[in-house]
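Working notes, beginning with the structure itself.
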Amino acid sequence: MDPVEIVRGDSPVILGLPHTGLYVPEAIEAGFNQTGKALSDTDWNVHRLYDGVLPGATQVRATFHRYVIDANRDPSGQSLYPGQNTTALCPLTDFDDNPLYLPGKEPEAAEIERRLETFHAPYHAALAEEIERIRNRHGIAILYDCHSIRSECPFLFDGVLPDFNIGTNDGATCDPEIERMTAEICALAEGYTSTLNGRFKGGWTTRHYGRPETGVHAIQMELAQKTHLMTESHPFELDPLKAGRLRGVLATILSSLEQWALERAGR
C-alpha cells in the first residue's frame, strides 16, 4: 500500500491528515498485543469529517497507522513536549500508557529507521512537494493539520479537553491574523469550547513547515472526538448530526483562511 494519498486542489489551503490511516503491515501487527491491534488512538473519521468542507483544498493523508510510526513526530525522536507525558516516534504505549507490543517485540533502532524510510519520509516528501506547488501557484500556502483525540486522556492531560484546540507553537508558525481569525471563529461557535496553544501547541508537522517569513503558514487543529463521533470508544462511528454541525464551523474557518490567503496573494 502506498504510504500517502494525495488529492490535489488549487486552493492556497492544504489539509494534512497524518493520523487517519489504518494500515499496519502484517509483520508489525504480529508483534502487537491486543491493545496494539485495537488501533484505538486513531484520528477516527477525521478525513471523512473534512471531506468537501473546502472545495479545492489539497489533501495529503498518511495511510499507515500512527502505531507503525507517527508522522507527526520529529524523525530524530526528540520530544515535542519535554517534561510532559506523550507518545514516541514509534509508540510503545497507547494514550493510556498501556503497552502496544508483546514482550520482546518492540522495534529496535534498525527497525525504527526502516519505518522512517518506508512510511514517515514518503509522507513528508509528498507534503513538502504539495506545499511548494501551492506556494509557487499563489506565493503563499496555509497548511492546516487535522487531528482529533478523546476528550479525556488522563495520561496526557488533566480534566476534559476543549472542543477546539488550536496550535501555532505560541504564534511562531503562522501569521498573527491566521491565528486570530481561527481562534475567534472557534470562540464564537455556539455550544463549543476552545483554547489556543493549550495542551496541544502543534506537532512536528506544524512546527517544521510553519515559516511565515517564507510564505508558508501552518496551524494545527485538534478536535475533541465528542464533537463528531457517536462514542469515543470502539467502533468510533461518525455521528451525522454532530458532524454536520461541526462541518459548518470548519467550513467557516477554512474559507476564511482561504480568503485571507487569496487577498494576500492579490487574487
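Rule-based calculations on the coordinates, nothing more; no lab input. Remember, predicted model here, so these are calculated numbers, not experimental data. Because the Cβ atoms are built from the backbone with ideal geometry, glycine has one as well, and the counts that use them run over all protein chains shown.
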Point to revise | Projected area averaged over orientations for the stretch 41-170, convex hull of C-alpha atoms, nm² | key: 9.7
Review point. Taking Rh as the Kirkwood radius computed over C-alpha pairs, what is the Stokes-Einstein D of the chain at 10 °C in a medium of viscosity 1.306 mPa s, expressed in µm² per second?
Key: 85
Study note, to complete from the structure: Exposure proxy check on MET181, MET1: fewest-to-most Cβ neighbours within 10 Å is MET1, MET181
Review point. How large is the convex hull of the Cα atoms of the stretch 1-50 per residue, expressed in Å³ as a whole number?
Key: 84
Review point. Considering the Cα trace of the stretch 140-267, what is its radius of gyration and what is Dmax, both in angstroms?
Key: 14.8, 47
Check your understanding: From the Cα gyration tensor of the stretch 201-253, with a ≥ b ≥ c the square roots of its eigenvalues, which class applies: rounded if a/c is under 1.5, or else prolate if a/b is larger than b/c, or else oblate?
Key -> oblate
Point to revise | Ranking of TYR81, TYR192, TYR67 by count of other Cβ atoms within 10 Å, fewest first | key: TYR81, TYR192, TYR67
Review point. Under 18 Å Cα-Cα from LYS226, which aspartates and glutamates qualify once same-chain neighbours fewer than 8 residues away are excluded?
Key: ASP41, ASP43, ASP96, GLU152, ASP158, ASP163, GLU190, GLU237, ASP239
Exercise for review: Return the whole-Å distance between the Cα centroid of the stretch 128-196 and the Cα centroid of the stretch 209-267.
Suggested key: 7
Exercise for review: Give, rounded to the nearest 20 debye, the magnitude of the charge dipole that the stretch 4-264 has about its Cα centre when Lys and Arg contribute +1 at Cβ and Asp and Glu contribute -1 at Cβ.
Suggested key: 380
Point to revise | Unit charges at the beta carbon, dipole of the stretch 4-264: most positive-side option, PRO25, HIS147, GLY77 | key: HIS147
Check your understanding: Which percent of Cα pairs goes in each bin when the distances of the stretch 70-146 are cut into 10 angstrom slices starting at zero?
Key -> 16, 37, 30, 13, 3, 0
Study note, to complete from the structure: So the compactness index of the stretch 1-116, its C-alpha Rg divided by 2.2 N^0.38 Å, takes the value 1.14
